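Trainee: Shown below is the structure under consideration.
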Amino acid sequence: MPFSLSRRHFIAGSVSAFSVGFTCPAWSNMQPTRLPIPELVDGTNGDPVDLQIRTGKRAFLPGLETSTLGISQDYLGPTLRTRRNSELNLSYTNSLSEGVAIHGHGLHVPGIVDGGPQLEIAPGDQWQPRLSILQPAATCWYHSHTHGKSGEQVYRGLAGMIIIDDEESDAIDLPSRYGVDDLPVIIQDRTFDAQGQFVYSLNEAGEDGWFGETVLINGAIAPLVAAVPAGKVRLRVLNGANARFYVLAFADNRTFFKIGSDGGLLAEPVPMTTMEMSPGERCEVVVDLSDGASAELLVFFEDEIDAEEEGLISGLQNIFSETNAPSTNWSLKLNVDQALVAHKAPLPDVLASIVRPEEAEIANVRDFVLDMEDGGDHGAHAGHAAMDMTINGAAMDMSVINERVKRGVWERWRVRSNQGAHPFHVHGCSFLIEQMEGSVTPPDQQGWKDTVVLDDDDWSEFVVRFDHSATEQHPYMYHCHILEHEDRGMMGQFTVT
Ligand code: C2O
Ligand code: CU
Ligand code: CU
């Protein structure tokens, strides 16, 4: 299951032997498309950023146009860049015929501008949140959080990236030229029908959520960055899937360095060869391409690897040898162009200082149990859609405040899954994981997080402090980030006062 220590840090013989010569029948004739780089919108000067929530069309597949949703684009939205101690002013216009709520995932902002399901923008209406950015440099994102429809709207395209800079991140020497050696990498999976339209049904989603068969990266299938410099390249990876957990590795099994997690830079770079990501998580990594060889970042479906009980490496072998498994062919290719100015400086030994609270500062402990149960029909025909998705025995109810938290004090949250694997996410904060799967937190999980994975019948705990307020009218949410679990009720509301 996801996130075991051995998996995260496994170093094995090169997997490239298995990738050579492998072709996927469905897409083998396709030329790789260029990696689309979402337009970068600089929000640091405080001018309102216009964001149009609208329908669109995109030819993901050759010769077929898919109906999509997007934010000022046909699919996905622009990357919003902001800075600590500045104000990000957004102006959303909903030109859809249905309501939309848009949440700033990872932002430490008050509930009234958090964009939870209570803040639905009616068709034709505008919403203009002013966001005071007071948190450290990080890669965050924004996405649909519409009540009961987050999964469907994100699937069709309502999501985008947010980059926060600060003085500390300015002061360390990291690749930071957006679209050149600092690349957004938004990974999602989608299923297309014969006409090229997205296939999605919350009701027909299995108990693990809705899985797509085709991987999109920034909205392109198996894309290529035509030219990256022969030096260090930073990838801001977002698992923007509805439900899939991904495992990432380079085709030549090269080591890369994880430098950041959900809420900002790690204390120090962590060398890795494979990396698992659950829906909602962000990982910033730096890969060194100064050898001039092109590199290929492979995207695996964790659930397919899990089917193989022998562990990850045999799982990879197994997938590579299975000619019908399209997931093996999903990748992002990075071609090196020696003519480009490259970032050659060594990675800094220290990236950020992360200060954990003293035990005496922990003022309160809360327990959360995530569960999925058959919804009462115990007959043989009980479908997955009938599963009750709950936290502490209750499904999401907009009229119920589940928890009341005091602002500005540290708490310990202990979170357990009774059944299934769930990425547990909390609004309005970043937290520090103390234990994962009931044991020591791996080094790459020791930075600021807003999403933590709970395995089946497993628990984690973290310490958290909320610095902004959330009222009964505009509470924060905690929930499973498998969007079908969220939409089916695995979510709760809390105030911070
Ligand atoms: Cu990314 Cu409440 O969500
Ligand atoms: Cu969030
Ligand atoms: Cu879940």
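The values are calculated or read from the model by the stated rules, or taken from the named source; none is laboratory data. What you see is a predicted model; the values in this text were computed from it and never measured. Counting neighbours? That spans all protein chains shown, and the Cβs are built from the backbone with ideal geometry, glycine included.
Trainee: What number of residues within the range 265-295 are in contact with a Ser or Thr (Cβ under 7 Å, 6 or more places away or on another chain) and either closer than 15 Å to D181 by Cα or buried (at least 23 other Cβ atoms within 10 Å of the Cβ) (or both)?
Mentor: 7
Trainee: May I ask you to list the residues in the range 73-95 that are in contact with a Ser or Thr (Cβ under 7 Å, 6 or more places away or on another chain) and either over 26 Å from G408 (Cα atoms) or surrounded by fewer than 22 Cβ atoms within 10 Å (Cβ to Cβ) (or both)? I'd like the intermediate steps shown before the answer.
Mentor: First, the residues of the range 73-95 that are in contact with a Ser or Thr (Cβ under 7 Å, 6 or more places away or on another chain): 74-75, 78, 81-83, 86-88.
Passing the criteria: D74, Y75, P78, R81, R83, S86, E87.
Trainee: Quick one: in the range 433-453, of everything that is touching an Asp or Glu at 6+ places or on another chain (Cβ under 6 Å) and closer than 20 Å to I482 by Cα, which residue is nearest to ligand 3 (Cβ to nearest atom)?
Mentor: Filtering the range 433-453 down to residues touching an Asp or Glu at 6+ places or on another chain (Cβ under 6 Å) leaves 434-435, 437, 449-451.
Of the ones still in play, those that are also closer than 20 Å to I482 by Cα are 437, 449-451.
Values: E437: 16, K449: 17, D450: 15, T451: 11 Å.
Once the filter is applied, the top-ranked residue is T451.
Trainee: Next question, about the same structure. Where residues in the range 385-404 are away from ligand 1 (no atom under 16 Å from the Cβ), assigned to a strand (DSSP E or B) and over 24 Å from the mean Cα position of the chain (by Cα), which of them is farthest from P279 (Cα to Cα)?
Mentor: The selected residue is R404.
Trainee: Still on this structure, I have one more. Only one of S95, S91, S144 is touching a Gly at 6+ places or on another chain (Cβ under 8 Å) and of a type outside the set (K, R); which?
Mentor: Residue meeting the stated conditions: S95.
Trainee: So, in the range 229-273, how many residues would count as being of a type in the set (S, T, N, Q) and in contact with a Leu (Cβ under 7 Å, 6 or more places away or on another chain)? Steps first, please.
Mentor: As a first pass, look at the range 229-273 and keep what is of a type in the set (S, T, N, Q): 239, 242, 253, 255, 261, 273.
With the extra rule that they be in contact with a Leu (Cβ under 7 Å, 6 or more places away or on another chain), the set shrinks to 242.
Total satisfying the criteria: 1.
Trainee: For the range 422-436, give me each residue that is more than 16 Å from ligand 1 (Cβ to nearest atom) and at pLDDT 95 or above.
Mentor: Within the range 422-436, the subset more than 16 Å from ligand 1 (Cβ to nearest atom) is 432-436.
Within the range 422-436, L432, I433, E434 meet the criteria.
Trainee: Can you find even one residue in the range 131-142 that is away from ligand 3 (no atom under 16 Å from the Cβ), closer than 26 Å to K57 by Cα and of a type in the set (S, T, Y)? Spell out how you get there, then give the answer.
Mentor: Residues of the range 131-142 that are away from ligand 3 (no atom under 16 Å from the Cβ), as a first pass: 131-142.
Next, only the ones that are closer than 26 Å to K57 by Cα stay: 140-142.
Pick out the ones that are also of a type in the set (S, T, Y) and you get 142.
Checked the range 131-142: at least one residue is away from ligand 3 (no atom under 16 Å from the Cβ), closer than 26 Å to K57 by Cα and of a type in the set (S, T, Y).
Trainee: Right, next: Is it true that some residue in the range 184-195 is away from ligand 3 (no atom under 16 Å from the Cβ), in a loop (DSSP other than H, G, I, E, B) and farther than 30 Å from D303 by Cβ?
Mentor: Initial filter on the range 184-195 (away from ligand 3 (no atom under 16 Å from the Cβ)): 184-195.
In the following step, the residues that additionally are in a loop (DSSP other than H, G, I, E, B) were identified as 191, 193-195.
Filter once more, so that each one left must be farther than 30 Å from D303 by Cβ: none.
No, every residue in the range 184-195 fails to be away from ligand 3 (no atom under 16 Å from the Cβ), in a loop (DSSP other than H, G, I, E, B) and farther than 30 Å from D303 by Cβ.
Trainee: If I go through the range 473-497 residue by residue, how many of them are touching a Lys or Arg at 6+ places or on another chain (Cβ under 9 Å), under 14 Å from M398 (Cβ atoms) and either assigned to a helix (DSSP H, G or I) or among the β-branched types (V, I, T) (or both)?
Mentor: Qualifying residue count for the region: 2.
Trainee: Counting just the residues of the range 62-72 that are surrounded by fewer than 20 Cβ atoms within 10 Å (Cβ to Cβ) and at pLDDT 95 or above, which one comes out nearest to R130 (Cα to Cα)? I'd like the intermediate steps shown before the answer.
Mentor: The initial filter retains those residues of the range 62-72 that are surrounded by fewer than 20 Cβ atoms within 10 Å (Cβ to Cβ), namely 62-65, 67.
Retained after the next criterion (residues that are at pLDDT 95 or above): 64-65, 67.
Values: L64: 39, E65: 36, S67: 31 Å.
Filtering the range 62-72 for residues that are surrounded by fewer than 20 Cβ atoms within 10 Å (Cβ to Cβ) and at pLDDT 95 or above, the one nearest to R130 (Cα to Cα) comes out as S67.
Trainee: What about R412, is it more than 16 Å from ligand 3 (Cβ to nearest atom), under 25 Å from C283 (Cβ atoms), part of a strand (DSSP E or B) and of a type in the set (D, E, K, R)?
Mentor: Considered against the rule, which asks whether it is more than 16 Å from ligand 3 (Cβ to nearest atom), under 25 Å from C283 (Cβ atoms), part of a strand (DSSP E or B) and of a type in the set (D, E, K, R), R412 comes out as yes.
Trainee: Also: Only one of (1) within 28 Å of P443 (Cβ to Cβ); (2) in a strand (DSSP E or B); (3) under 20 Å from the mean Cα position of the chain (by Cα) fails for L216. Which number is that?
Mentor: Result: L216 passes all but (1).
Trainee: Here's another thing I want to ask about it. Pairs please, first residue from the range 359-374 and loosely packed, with under 13 Cβ neighbours inside 10 Å, second anywhere and among the hydrophobic types (A, V, I, L, M, F, W, C), Cβ atoms under 6 Å, 6+ apart in sequence or on different chains.
Mentor: E361/W410
Trainee: Would you point out the residue of the range 446-497, among those that are of a type in the set (G, A, S) and within 23 Å of W210 (Cβ to Cβ), that is farthest from ligand 2 (Cβ to nearest atom)? Can you show your working first?
Mentor: Step one: filter the range 446-497 for residues of a type in the set (G, A, S), giving 447, 460, 469-470, 489, 492.
Filter once more, keeping what is within 23 Å of W210 (Cβ to Cβ): 489, 492.
Values: G489: 17, G492: 13 Å.
The residue in question is G489.
Trainee: Output the residues belonging to the range 437-460 that are in a strand (DSSP E or B) and out of contact with any Leu (no Cβ under 9 Å at 6 or more places or on another chain).
Mentor: T451, V452, V453, D458, W459
Trainee: Please verify whether E152 is under 26 Å from E204 (Cβ atoms) and either crowded, with 22+ Cβ neighbours inside 10 Å or touching a residue at least 40 places away in the same chain (Cβ under 8 Å) (or both), treating the condition exactly as stated. Talk me through it step by step, then tell me what you get.
Mentor: Details: under 26 Å from E204 (Cβ atoms): yes; either crowded, with 22+ Cβ neighbours inside 10 Å or touching a residue at least 40 places away in the same chain (Cβ under 8 Å) (or both): yes.
Here the answer is yes, as E152 does meet what is asked.
Trainee: Continuing with the same structure: Test H481 against the stated conditions and say whether it is within 16 Å of ligand 3 (Cβ to nearest atom), touching a Pro at 6+ places or on another chain (Cβ under 9 Å) and touching a residue at least 60 places away in the same chain (Cβ under 8 Å). Steps first, answer last, please.
Mentor: Working: within 16 Å of ligand 3 (Cβ to nearest atom): yes; touching a Pro at 6+ places or on another chain (Cβ under 9 Å): yes; touching a residue at least 60 places away in the same chain (Cβ under 8 Å): yes.
Answer is yes for this residue.
Trainee: Hey, among L158, L119, which residue is buried (at least 24 other Cβ atoms within 10 Å of the Cβ) and at pLDDT 95 or above?
Mentor: Numbers: L119 fails: buried (at least 24 other Cβ atoms within 10 Å of the Cβ).
Every option except L158 fails the conditions.
Trainee: I'd like to know if the range 466-482 contains one or more residues that are within 12 Å of ligand 1 (Cβ to nearest atom) and charged (D, E, K, R). If you could, list the steps in order and put the result at the bottom.
Mentor: Here is the first cut: in the range 466-482, the ones within 12 Å of ligand 1 (Cβ to nearest atom) are 475-482.
When the remaining residues are screened for being charged (D, E, K, R), the result is none.
No, the range 466-482 contains no residue that is within 12 Å of ligand 1 (Cβ to nearest atom) and charged (D, E, K, R).
Trainee: Do you know which residues across the range 443-458 are surrounded by fewer than 19 Cβ atoms within 10 Å (Cβ to Cβ) and either closer than 12 Å to I354 by Cβ or modelled with pLDDT of 95 or more (or both)?
Mentor: Within the range 443-458, just P443 meets the criteria.
Trainee: For the range 260-272, check the following and say yes or no: at least one residue is among the β-branched types (V, I, T), at pLDDT 95 or above and assigned to a strand (DSSP E or B).
Mentor: Kept after step one, since they are among the β-branched types (V, I, T), are these residues of the range 260-272: 270.
Add one more test, that the residue is at pLDDT 95 or above, and what stays is 270.
Add one more test, that the residue is assigned to a strand (DSSP E or B), and what stays is 270.
There is at least one residue in the range 260-272 that is among the β-branched types (V, I, T), at pLDDT 95 or above and assigned to a strand (DSSP E or B).
Trainee: Condition check: within 23 Å of the chain's Cα centre (by Cα), at pLDDT below 95, of a type outside the set (S, T, Y) and surrounded by 18 or more Cβ atoms within 10 Å (Cβ to Cβ). Does L334 satisfy that? Spell out the reasoning first.
Mentor: Working: within 23 Å of the chain's Cα centre (by Cα): yes; at pLDDT below 95: no; of a type outside the set (S, T, Y): yes; surrounded by 18 or more Cβ atoms within 10 Å (Cβ to Cβ): yes.
So L334 does not fit the description; no.
Trainee: Residue pairs, Cβ under 7 Å, 6 or more apart or interchain, first in the range 24-47 and more than 19 Å from L64 (Cα to Cα), second at pLDDT below 70. List them.
Mentor: If the second residue must be at pLDDT below 70, the pairs left are C24/P326; C24/T328; C24/N329.
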